[in-house]
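Structure first, commentary second.
The values are calculated or read from the model by the stated rules, or taken from the named source; none is laboratory data. Note that the structure is predicted; figures quoted are calculated from it, not measured. All Cβ positions, glycine included, derive from the backbone under ideal geometry; neighbour counts span all protein chains shown. Only protein heavy atoms, including side chains, enter the accessible area calculation; ligands, DNA and RNA are left aside. Shrake-Rupley method; radii C 1.70, N 1.55, O 1.52, S 1.80 Å.
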Amino acid sequence: MNDVSSSLPPDSAAHSTADSTAGDTAAQIDALLRAELSPSQLTVRDDSALHAGHPGAASGGGHYHVTIVSERFAGASRVARHRMVYDALRSLFPMRIHALAVSAFTEQEYSAQ
């Protein structure tokens, strides 16, 4: 499983040669979300290995989970927050991303957890 988190720059995700496409995609997700939503915290987790053999994986698109904290989510519903994330990543669907789980918070919501 590859993680790209807020403590790492977008291009420093550790991954093997076999995982380079997934690692590259995770780094692209990280870069696009940072550019569009200016998160204070961001973690991108590649869950593709958990879905090996899944028909959607055949297209090459991976399964990812994003946890993102941004003040741009203030006042936005859960659906609106997810739409903001999906819109920022539109260029990666469906060839690079097959499935995306999103946990989106404001700083206050994240701190209250």
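Selection of first residues in segment 29-49 that are farther than 15 Å from Ser103 by Cα and of second residues that are assigned to a loop (DSSP other than H, G, I, E, B) and open to solvent by 60 Å² or more (accessible area, probe 1.4 Å), restricted to Cβ pairs under 7 Å at least 6 apart or on distinct chains, gives the following pairs, ordered by first then second residue: Ala49/Met1.
Residue check: Ser20 meets all listed conditions (1) at pLDDT below 55; (2) loosely packed, with under 15 Cβ neighbours inside 10 Å; (3) in a helix (DSSP H, G or I) but one, namely (1). If the condition is being open to solvent by 40 Å² or more (accessible area, probe 1.4 Å), under 13 Å from Gln41 (Cα atoms) and in a loop (DSSP other than H, G, I, E, B), then segment 100-113 contributes no residue at all. The set of residues in segment 75-99 being assigned to a strand (DSSP E or B) and open to solvent by 20 Å² or more (accessible area, probe 1.4 Å) consists of His98, Ala99.
Hey, among His15, His65, which residue is assigned to a strand (DSSP E or B) and either open to solvent by 30 Å² or more (accessible area, probe 1.4 Å) or modelled with pLDDT of 95 or more (or both)? Break it down into steps so the answer makes sense when it comes.
Values: His15 fails: assigned to a strand (DSSP E or B).
Answer to the selection: His65.
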